[in-house]
Structures are given as structure tokens and as C-alpha cells.
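Reviewing the structure listed below.
The values are calculated or read from the model by the stated rules, or taken from the named source; none is laboratory data. Computed from a prediction, not measured in an experiment: that's the story for all the values here. FYI the Cβ positions are ideal-geometry reconstructions off the backbone, even for glycines, and counts take in every protein chain you see. Areas reflect the complete protein model, heavy atoms only, side chains present, ligands, DNA and RNA absent. Shrake-Rupley method; radii C 1.70, N 1.55, O 1.52, S 1.80 Å.
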Amino acid sequence: VKDNGRNGYGFYERGLTTGLTERMSLEAELRKVVERGELELYYQPKVDLLCARSAGCEALLRWRHPSLGLLTPDRFIRIAEETGIIVEIGGWVLRTACEAAVRWNRGGWADFTVAVNLSVRQFLGHDLAGEIQAILAETGCRPEWLELEITENLLLEDRDETRATLGQLRDLGLKLAIDDFGTGYSALNYLARFPIDILKIDRSFVQGIGRDESSEKLVRGIVSLARSLHILLVAEGVETAGQAAYLQQIGCHLAQGYLFAKPLSEEQLVSWYKQYRQQ
Ligand code: C2E
Ligand code: CA
Ligand code: CA
Ligand code: CA
């Protein structure tokens, strides 16, 4: 029972007892989730505010649990990370996203990209760049169709192993994005030391637009920082037309959020894409 603290932390919103029981059964089931085919990817489009076009999406993981229904990552990602199961799950996510990118691009969606979220754990103790290279070769996915989203924490730990892997991924021609930008203990100097292409402004700042001045100042600061470093920006969690207008006006042209679309099944994404282009 020495794991108590950790379990309690993972499920701080529920009772500790429920947390422990749920965790133990989920953990056992998670080990078989790939072979049982219970994982699904949903895709949230990224739109260009200037030309109302979508040039890509982010893949978001879901677990179609036999009795609990469709689970979002907050229910299981932490367990998958702590147990290391995330390495196998992450491989499935990369392969599935690449296969989808090939379908879309062959189907005529020119240079439609897919962004995949990576856990720190996927960088440690296994050859991530080699794995991705093999997946690209096997699926026929072009490197420019795949973006990788990492968090600031990965860069702040600054291990040789991670640094080498990021260099190899960049050499393969993939784009690297920093997720939830602004929420970590960022020392910002990592932006100069690592090959970063994209910053994703965290939803907490975007949702402050129109509500509090300090969020707006922060967002404007991030826009000018990105511009001077020649890094592309994506605003996350855009929910209102007012937020979109503000972002467009200050020069942040790429956005994701419920205003445009929630995460969609592949079938839903296909119909969303057709309609959106006709607007
Ligand atoms: P994230 O990468 O920051 O993804 C954005 C989250 O915000 C998603 O939650 C998305 O559904 C939600 N979202 C998008 N637009 C809006 C909006 O306008 N308003 C609000 N309130 N929320 C919005 P989701 O799908 O539950 O994913 C949660 C987190 O789980 C992700 O945060 C990411 O860190 C992680 N995750 C998702 N898929 C994977 C994966 O394949 N591998 C790993 N390692 N982590 C994943
Ligand atoms: Ca993300
Ligand atoms: Ca994010
Ligand atoms: Ca997040």
C-alpha cells in the first residue's frame, strides 16, 4: 500500500478508495488495450483564421472501454505513463495517425498534417526516432505530414538522450511543437537550444481574452516572442468569435477550439472538412 500517495494524487477528484480500485482494474485492462483494439483516435482540426482553411489536425486519444464507455485521456494517460504502457500505446497512436494522414493526403487534402502528443516516457530507454522512421516507411506517411507535440517539461529536464532524439526527429523532417506553452516553469532559453517549430498557446491564456487584461498582455507577448524567433503559433481552446477576432488581429493566425470543431471521429472530420471548405 506504499503507493497510496501516488494513487490518491492521480484521482484527487474522486474518493481514494474508488481511486485505488478503479486504478487497479484499469491498469490490468490497459495492458491489453492495444491487442483488444479498444483505442481510437479523434481528430481536432486546426484552422487558419485568415483564409478560413484547415491545414491539419491534432490526434487525441480515446479508449472505448467495454463497460465504462468512451474514456478521455485524463482517466488513463497517467496510469499508462507510470506503468510504461504508454510506450506501446504511443506507438499505436503514431502508426494510426500516420495511416490517417496518408488517406487524407492521397484523398486530395493537400499537405494536411496530423499532430501527435508524446509523453516524456516515450523518449526514455527506447529508440523513438528509429520507431518513427520505421512507421513513416511502413505507412508511406511523409515526414512533413506529421507533427510532434511535446511539453516544456521534456526540454527542462534536458537529458542528452532527449536532446539527441529531438535532433534525429528534426533531421527526419518532422515539425516539433511545444504544447501548453506558458504553463510550465519555463526558462525560455530552451527555445534557443532546441529545434522548435511551433508553440501552442495554452487554453488558459486564450480563455482570458476579453476577460482579463493580464492574459491578453501575455498572449500579445507570446505573439511577439514567436515572431522574433520565427516560430509558428497555434492558439488552443478558442471558444468564442471574440477570442478568434482578437487573435487574428494581433497576428496569431492558427487556432483550434470548440468554436471551429470539437475532437471528431475520422468520419466526422471528413464531413466537417468538406463543409468548412465550402463556407
Ligand atoms: P492537449 O494536448 O492540451 O489537448 C487539448 C485538450 O483540450 C483536448 O482534451 C481537447 O479535447 C481539449 N479542447 C480542445 N478545444 C477545446 C476548447 O475549445 N475548450 C476546451 N475547454 N477544451 C478544448 P483531451 O482530448 O481530453 O486530451 C487531454 C490531454 O490528454 C491532451 O491535452 C494531451 O496532453 C493528452 N493526450 C491526448 N491524446 C494523447 C496521446 O495520444 N498521447 C499522449 N501521451 N497524450 C495524449
Ligand atoms: Ca496537444
Ligand atoms: Ca495543449
Ligand atoms: Ca494539456
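Quick notes on this structure:
- Here ILE209 does not qualify as under 17 Å from the mean Cα position of the chain (by Cα) and β-branched (Val, Ile, Thr).
- Criterion (open to solvent by 10 Å² or more (accessible area, probe 1.4 Å), within 16 Å of ligand 3 (Cβ to nearest atom) and not in a loop (DSSP other than H, G, I, E, B)) met by exactly one of SER214, SER224, SER204: SER204
- Boolean, GLN268 is open to solvent by 30 Å² or more (accessible area, probe 1.4 Å), closer than 11 Å to GLN44 by Cβ and within 15 Å of ligand 1 (Cβ to nearest atom): yes
- Screening segment 88-102 for residues that are open to solvent by 40 Å² or more (accessible area, probe 1.4 Å) and in contact with a helix residue (DSSP H, G or I) (Cβ under 8 Å, 6 or more places away or on another chain) and picking the one that is farthest from TYR273 (Cα to Cα) gives ARG95.
- Residues in segment 264-279 that are in contact with a Pro (Cβ under 9 Å, 6 or more places away or on another chain) and either under 19 Å from LEU71 (Cα atoms) or in a loop (DSSP other than H, G, I, E, B) (or both): LEU264 alone.
- Subset of segment 227-251 (residues that are outside any helix (DSSP H, G or I), within 16 Å of ligand 1 (Cβ to nearest atom) and either in contact (Cβ under 8 Å) with a residue 60 or more places away in the chain or more than 19 Å from the chain's Cα centre (by Cα) (or both)): VAL234, THR240
- Just one of (1) surrounded by 11 or more Cβ atoms within 10 Å (Cβ to Cβ); (2) under 23 Å from VAL120 (Cβ atoms); (3) without any contact (Cβ under 8 Å) to a residue 12 or more places away in the chain fails for LEU61. It is (3).
- Residue in segment 113-123 that is out of contact with any strand residue (DSSP E or B) (no Cβ under 7 Å at 6 or more places or on another chain), within 13 Å of ligand 1 (Cβ to nearest atom) and over 22 Å from GLU152 (Cβ atoms) present: no
- Restricting ASP197, ASP171 to those that are within 29 Å of ASP111 (Cβ to Cβ), at pLDDT 95 or above and surrounded by 15 or more Cβ atoms within 10 Å (Cβ to Cβ) reduces the list to ASP197.
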